[in-house]
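These notes concern the structure reproduced below.
No lab work stands behind these numbers, since they all come straight from the coordinates. These numbers were taken from a predicted model, which means no experiment stands behind them. No Cβ is skipped: glycine too gets one built from the backbone with ideal geometry, and neighbour counts run over all protein chains shown.
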Ligand SMILES: [Ca+2]
Ligand SMILES: [Ca+2]
């Protein structure tokens, strides 16, 4: 009898010890670790069309532009916008890309070209004005994205607040993007192909953080209240050009897919860069 009870106690302790991690896990807060952005949208390139090197395809169709939950009035109202299919650069334009443009055209060098904090070849070019960005795009047989194209490329058709989804918990910021601080391993800019998990639904990199990106449009604070539903191109004229996506100096709230800022088209800052778009032939 004594022998049996010893075995029983031994078994009980063994089972308890082995099952403890499982019991503990059940009481752990349910945390979802998001993978890269998943979209239910079918992304099919029209027949006979080839995606240009270094670009991704964003198909025809509607998406929600703007954010009714934002504190910023210029992001309201959230509204349906139809954008014709287009290509957009997979990465921000790098110093390596920009150097070829400089060599071929003799265009004036960017403001921070010799600043070692920013001039690694695979980092985004900074210190370029909207005018510089537009000149580069023209040289590359591309153009700057419209603000609507940029936002669709960043958030997809499911209204993502961040290119990778809707998760913004502090512990995940370091794997998705380069923003303020060095927890993400970068004090200033990061390589344009960094942060694989932070890619947008169309697989474009760094659409949140790293450098702000010039768009084609003039900035209109009330533009969303009256903008056309199909392929909006911004106000006909203006003082400021639009920049999107936030940069290495911003906190998470200022790098959302709907955040809009503006500046004069000749301003050159070390937080401003760009990427190009291209219409289908
Ligand atoms: Ca950083
Ligand atoms: Ca960016």
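Here are a few things to note about the model shown:
- Ordering of 82-93, 220-231 by packing is 82-93, 220-231, highest average first (other Cβ atoms within 10 Å, averaged per residue).
- In range of the label at residue 51: residues from the stretch 196-211 whose backbone nitrogen is under 19 Å from the point 7 Å along Cα→Cβ: 196-208
- Overall, the anisotropy analysis places the stretch 77-185 in the oblate class: the square-rooted eigenvalues a ≥ b ≥ c of its C-alpha gyration tensor yield a/c not less than 1.5, with a/b not exceeding b/c.
- The order of 155, 275, going from fewest to most other C-beta atoms within 10 Å of their C-beta, is 155, 275.
- With the simple model of a label 7 Å out from the Cα in the direction of the Cβ, residue 78 to residue 41 spans 1.5 nm.
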